[in-house]
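The values are calculated or read from the model by the stated rules, or taken from the named source; none is laboratory data. Since the model is a prediction, treat every value here as computed from it, not as a measurement. Counting neighbours? That spans all protein chains shown, and the Cβs are built from the backbone with ideal geometry, glycine included. Only protein heavy atoms, including side chains, enter the accessible area calculation; ligands, DNA and RNA are left aside. Shrake-Rupley method; radii C 1.70, N 1.55, O 1.52, S 1.80 Å.
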Amino acid sequence: MTATLSHPDTDSSPAPAKGLGRVRSRRRWVVLGFMAPAILGFAIFFAYPLVATVYFSLTRYDLINPPAFIGFDNYVRMFTTEPLVGTAAYNTLWLVIVLTVCRVVFALGTAQIISRLRRGLGLIRTLCYLPALAPPAAATLVFVFVFNPEFGPVNRFLRWLGIDGGLWFNDPNMSKPSLTLLVLWGSGELMIIILAALLDVPQEQYESASLDGAGPVRRFWHITLPSISPVLMFGIVNSMIFALQFFTQAVVAAAA
């Protein structure tokens, strides 16, 4: 009868567990390395501004002197004694609704027209996208000049037609529609996204609908809109965020 003896030094059961722990630790560091750019971007461009905004809202800060902590005094004054809170809320709500609707409809209509072009598609698409590349401050200054009540080309043309063009950016009742025109002029980015979605709709569906007697309106309503609905939802959300962050253009137009 033969007995097999194992020497204590040859027992290697802890070694695989130790090696497995090192592999898992190395994998965690690899995953963390790949996630580092996203984590840093989130921390720098989202988390820190959010925390700083909450902190500065609890202080008295004029961008020159160091911030002084005052608690909730800013919120109390905003909701009790500040006369412009209602006007600011109304203007913000107006911009969110009107800018969102006009921006999405304008981008969809422009993309629909461009998608039907047979020649010069690349050139027209580039020309429509170029205004979106202009810096907001520069684009606003150009628009203020174009719509200048005295010597702007728009009012000159309207006076030539016998129409009073108004004060545009200098009129409180016309400033928001004027800013809306500025936004529509620079909505080429959303137009390109919707155009890509329109070009991706299978043409076989349009051909089948045409054979069944569907007209352009029914084809657009029953084929185009359902096919690009995720892109339209993105455009609506993006436009709402854009309207809530709409600040630079209004300040530059008011100061110009």
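When Ile193 is tested against the conditions (1) hydrophobic (A, V, I, L, M, F, W, C); (2) open to solvent by 40 Å² or more (accessible area, probe 1.4 Å); (3) more than 25 Å from Met233 (Cβ to Cβ), the lone failure is (3).
Screening Asp62, Asp73 for residues that are more than 19 Å from the chain's Cα centre (by Cα) and exposed (fewer than 10 other Cβ atoms within 10 Å of the Cβ) leaves exactly one candidate, Asp62.
If we scan the range 210-226, do we find a residue that is under 19 Å from Ser239 (Cα atoms), open to solvent by less than 90 Å² (accessible area, probe 1.4 Å) and out of contact with any strand residue (DSSP E or B) (no Cβ under 9 Å at 6 or more places or on another chain)? I'd like the intermediate steps shown before the answer.
Kept after step one, since they are under 19 Å from Ser239 (Cα atoms), are these residues of the range 210-226: 225.
Of the ones still in play, those that are also open to solvent by less than 90 Å² (accessible area, probe 1.4 Å) are 225.
Keeping just the survivors that are out of contact with any strand residue (DSSP E or B) (no Cβ under 9 Å at 6 or more places or on another chain) gives 225.
Scanning the range 210-226 turns up at least one residue that is under 19 Å from Ser239 (Cα atoms), open to solvent by less than 90 Å² (accessible area, probe 1.4 Å) and out of contact with any strand residue (DSSP E or B) (no Cβ under 9 Å at 6 or more places or on another chain).
Looking at Pro230, Pro177, Pro149, just one residue is in a loop (DSSP other than H, G, I, E, B) and closer than 29 Å to Trp94 by Cα, and that residue is Pro149.
Filtering the range 155-174 to residues that are of a type in the set (A, V, I, L, M) and part of a helix (DSSP H, G or I) leaves Leu158, Met174. Any residue at all in the range 44-59 that's open to solvent by less than 100 Å² (accessible area, probe 1.4 Å), farther than 23 Å from Phe242 by Cβ and either in contact with a Ser or Thr (Cβ under 9 Å, 6 or more places away or on another chain) or not in a helix (DSSP H, G or I) (or both)? Yes, the range 44-59 has at least one match.
For the range 41-59, which residues satisfy the criterion of being within 29 Å of the chain's Cα centre (by Cα) and polar (S, T, N, Q)?
Looking only at the range 41-59, we keep the residues that are within 29 Å of the chain's Cα centre (by Cα), and these are 41-58.
Scanning the range 41-59 gives Thr53, Ser57.
Total residues in the range 101-143 satisfying the condition of being part of a loop (DSSP other than H, G, I, E, B) and in contact with a Phe, Trp or Tyr (Cβ under 7 Å, 6 or more places away or on another chain): the figure is 0. Scanning the range 195-205 for any residue that is within 16 Å of Asn91 (Cα to Cα) and assigned to a helix (DSSP H, G or I) turns up nothing. Every test in (1) open to solvent by less than 80 Å² (accessible area, probe 1.4 Å); (2) more than 23 Å from the chain's Cα centre (by Cα) is passed by Ala38 save one, and that test is (2). Residues in the range 103-129 that are exposed (fewer than 15 other Cβ atoms within 10 Å of the Cβ) and modelled with pLDDT under 90: Arg116, Leu117, Arg118, Arg119, Gly120, Leu121, Gly122, Leu123, Ile124, Thr126, Leu127.
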